[in-house]
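Trainee: Before we start, here is the structure in question, set down as structure tokens.
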Amino acid sequence: VQLQASGGGLVQPGGSLRLSCAASRRIFSSDVMGWYRQAPGKQRELVASITSTGRTNVAVSVKDRFTISRDNAKNTVSLQMNDLKPDDTAVYYCNLRTASSANYWGQGTQVTVSS
């Protein structure tokens, strides 16, 4: 499975960005889609994940600011990021986890929040 992420960039604090990720194959109902991020010198961390039924798991640090969504018909997952803060600066990675726990990763997209 190949995952193609897009939508990163430079934004001022308080601004918004929308990340999108397209899968190269049909997203199965058993697949969990998600976004992770890795800041310089830090470990990769979960930002948000979503199941096919819409159940989400969102990191406390971004709750109420970030929204994850998926479109099974288009094989995409998106992350709407509002009220961005400098601490949100990181490389964001799209992830697909299958029912057998195989993990697939996108190439990463840089998000920089700075004035």
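The values are calculated or read from the model by the stated rules, or taken from the named source; none is laboratory data. Keep in mind that this is a model prediction, so the values were computed, not measured. Ideal geometry is used to build each Cβ from the backbone, glycine not excepted, and the neighbour counts take in all protein chains shown. Side chains are part of the model used for accessible areas, which takes the heavy atoms of the whole protein and leaves out ligands, DNA and RNA. Shrake-Rupley method; radii C 1.70, N 1.55, O 1.52, S 1.80 Å.
Trainee: Considering the range 64-115 alone, what residues qualify as being within 15 Å of ASP31 (Cα to Cα) and of a type in the set (Phe, Trp, Tyr)?
Mentor: Passing the criteria: TYR104, TRP105.
Trainee: Being open to solvent by 50 Å² or more (accessible area, probe 1.4 Å) and in contact (Cβ under 8 Å) with a residue 24 or more places away in the chain narrows it down to one residue among GLN12, GLN43; which is it?
Mentor: GLN12
Trainee: On to the next question. For the range 96-114, which positions are part of a strand (DSSP E or B) and more than 24 Å from GLY15 (Cα to Cα)?
Mentor: Residues of the range 96-114 part of a strand (DSSP E or B): 96-97, 103-105, 109-113.
Across the range 96-114, the qualifying residues are LEU96, ARG97, ASN103, TYR104, TRP105.
Trainee: Check off (1) in contact (Cβ under 8 Å) with a residue 24 or more places away in the chain; (2) open to solvent by 50 Å² or more (accessible area, probe 1.4 Å) for SER100 and give me the number that stays unchecked.
Mentor: Unmet condition: (1).
Trainee: A follow-up question, please. Determine whether ASP31 is open to solvent by less than 40 Å² (accessible area, probe 1.4 Å), among the acidic types (Asp, Glu) and more than 10 Å from the chain's Cα centre (by Cα).
Mentor: Answer is yes for this residue.
Trainee: Out of VAL91, VAL1, I need the residue that is at pLDDT 95 or above and either hydrophobic (A, V, I, L, M, F, W, C) or part of a strand (DSSP E or B) (or both). Which one?
Mentor: After applying the criteria, what remains is VAL91.
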